[in-house]
Amino acid sequence: MFGKTATTLSIGAMIASLSSVVLAHEVDLSALPLNDGYTTSSPRVGSVFACQSRFNPNAPGAQRSGSWINEASGTFNLTAKPTVDGAATHVSELDLVLSGRRLTISGNALPDHTTGTFPVSRTDDAYYFDRNPNSIRAHIFQTTLPADPEFSDNVNCVPMGAIGIMLTGAVLFNALDARGDNALAHEILDSCQGHPQRSGLYHYHGQSPCQTDVASETEHSALVGYAFDGFGIYGKRGDGGVELHTGDLDACHGHVGAVQFNGEMRTIYHYHATVDYPYTVSCFRGTVVSVAALAEAPPEGRSRPPRR
């Protein structure tokens, strides 16, 4: 389903290489790396190994950028970027059922937090930059992931659609917009860093600031979602509560370590969210499982199509 694969380090070699990693300094949110066009045809730290190799610079997206983008320095100021107004509420559904070696996840892809009001209103200051005309709509989905995902040397690319599900109930996309640029930098999102695409599927391009990390600040971050290869996605902190950044992780934005996973402590490969590009999963380290459905839910009062 996801196309390209590439062969990289074995898990043993990767663990050895991680022992020499020096943790990065704190990232300045007012000068985050822009990294437009950082896509590759094979895994590379700091880039997205995208299944799509060509992008249309005229694809739908934000109409213009503002002063938060500094092309000369190749940075953007996240703290100065406008957000979509509003506090819309949604009825989120998310079910996780662990049975033997399988984890079945189903839901309606709506977040458990408030969102901005979409379509973007003409009276919203965000409208000048990004006139997102899409309404947030429920989407039926179900997927069954391996409860014991296996690390693979054959790394898979990530698609432009959903690459994982976050525990807020909303889906996760990769870091790119439809033009192949940094979505967090260019697209105007709500205060939870999400927005809907054409079918109304609300999604993030990284961990939402509205998702609480339940672990203490001196501990490794808790699980915040699952990639569609079964490996867990964790928050921004590693062992001892140290904040991780892209340079601390491998080409797929993860590493091996001891984490609480599917009800037990395990030393296992896992992904992390970071404040710097590419934010979360940038390629798949495990065997990718397709989503059985991500179809728009029917209007209220009409029956849903049967699941296959």
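Before moving on, here are some points about what is shown:
- Scan of the range 35-88 for residues that are free of Cβ contacts under 8 Å to residues at least 12 places away in the same chain and closer than 18 Å to Ala251 by Cβ, ordered by number: Thr40
- Selection from the range 215-268 of residues that are under 28 Å from Leu294 (Cα atoms), without any contact (Cβ under 8 Å) to a residue 40 or more places away in the chain and part of a loop (DSSP other than H, G, I, E, B): Ala222, Gly235, Lys236, His253
- Selection of first residues in the range 143-162 that are in contact (Cβ under 8 Å) with a residue 40 or more places away in the chain and of second residues that are in a strand (DSSP E or B) and of a type in the set (D, E, K, R), restricted to Cβ pairs under 6 Å at least 6 apart or on distinct chains, gives the following pairs, ordered by first then second residue: Thr144/Arg102; Ala147/Arg102.
- Yes/no for Arg198 being within 21 Å of Asp181 (Cβ to Cβ), surrounded by fewer than 22 Cβ atoms within 10 Å (Cβ to Cβ) and either touching a helix residue (DSSP H, G or I) at 6+ places or on another chain (Cβ under 9 Å) or touching a residue at least 12 places away in the same chain (Cβ under 8 Å) (or both): yes
- Residues of the range 269-301 satisfying the condition of being at pLDDT 95 or above, more than 19 Å from Lys236 (Cβ to Cβ) and not in a loop (DSSP other than H, G, I, E, B): Phe284
- Condition check for Phe118: outside any loop (DSSP other than H, G, I, E, B), closer than 26 Å to Thr168 by Cβ and in contact with a strand residue (DSSP E or B) (Cβ under 6 Å, 6 or more places away or on another chain): no
- Meets criteria (surrounded by 16 or more Cβ atoms within 10 Å (Cβ to Cβ) and assigned to a strand (DSSP E or B)) for Ser106: yes
The values are calculated or read from the model by the stated rules, or taken from the named source; none is laboratory data. Quick caveat, the model's predicted, so the values are computed rather than measured. Virtual Cβ from ideal backbone geometry, glycine too; neighbours counted across all protein chains shown.
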